[in-house]
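What follows is one structure encoded as structure tokens, with my remarks underneath.
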Amino acid sequence: MPVEVLLKNKIDKLGAEADVVSVRPGYARNFLVPQGHAVLATSATKRQIEQLRQKRAAREAAEMNAAQEVAGKLNKLKLAFVLTAGQGQDKVFGSVTAHDIIEKLKSEGYEVDRKALKLEKAIKETGDHEVIVALHSEVQAKLKINVSVPAAEVSEEEEGKGKKGFARKTKKSSE
């Protein structure tokens, strides 16, 4: 038999402040109430809802403003990655993954969660690409990524064939 509780804090996959939710009695008794995340929903605690809703609205507005500010900066940002390529410069070795993008963003001074990147598969082609970054449920940024190969990259085989070969020493047998 579920029990109703009034949430004091945002809890993932359950609700945000000022939400009245039904949970199992053990979850409320053993976790939510002792940790201070919720109180049992009674007529007295339901009066606290207005205060909690104001707190929630202020938090959500601050999160939205911060997400829009970061989105504006990310829309202007262009990340460059250099990958090695094969003989014809058409086959790229390696790829640009979400982890690589996150590390590059960290070096630029941006903290973005890896799950916020909407990268279906690793980028394996040279050229310009766009990656969607979901910063908030209502705010998305388009991050521009350029993948290229080094300009002076020429394989050693093309550079000097035969230079790597060793002269074969032969032993003359004594007769």
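Numbers for the structure displayed
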read-out	value
Of all residues in the range 124-143 being among the hydrophobic types (A, V, I, L, M, F, W, C) and not in a strand (DSSP E or B), the one that is surrounded by the fewest Cβ atoms within 10 Å (Cβ to Cβ)	139
Sole residue being modelled with pLDDT of 85 or more, of a type outside the set (Phe, Trp, Tyr), in a loop (DSSP other than H, G, I, E, B) and surrounded by fewer than 12 Cβ atoms within 10 Å (Cβ to Cβ), chosen from 106, 121	121
Selection status of residue 116, at pLDDT below 90 and touching a Phe, Trp or Tyr at 6+ places or on another chain (Cβ under 8 Å)	no
Pick from the range 38-66, criterion modelled with pLDDT of 85 or more and part of a loop (DSSP other than H, G, I, E, B), ranking: surrounded by the fewest Cβ atoms within 10 Å (Cβ to Cβ)	42
Residue in the range 155-162 that is over 16 Å from residue 67 (Cβ atoms), modelled with pLDDT under 85 and under 27 Å from the mean Cα position of the chain (by Cα) present	no
Hey, residue 58 in contact with a strand residue (DSSP E or B) (Cβ under 6 Å, 6 or more places away or on another chain), free of Cβ contacts under 8 Å to residues at least 40 places away in the same chain and under 30 Å from residue 15 (Cβ atoms) or not	no
Count of residues meeting criterion [over 22 Å from residue 63 (Cα atoms), surrounded by 15 or more Cβ atoms within 10 Å (Cβ to Cβ) and not β-branched (Val, Ile, Thr)] in the range 7-37	3
Test: residue in the range 77-91 that is at pLDDT 85 or above, more than 29 Å from the chain's Cα centre (by Cα) and assigned to a strand (DSSP E or B)	no
Yes/no for residue 97 being of a type in the set (Val, Ile, Thr), farther than 20 Å from residue 116 by Cβ and modelled with pLDDT of 85 or more	no
Boolean, residue 84 is surrounded by 15 or more Cβ atoms within 10 Å (Cβ to Cβ) and in the same structural domain as residue 142 (by TED's automatic domain parsing)	no
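The values are calculated or read from the model by the stated rules, or taken from the named source; none is laboratory data. Just so you know, these numbers come straight off a predicted model, no measurement behind them. Note that each Cβ is placed from the backbone with ideal geometry, even for glycine, and that neighbours are counted across all protein chains shown.
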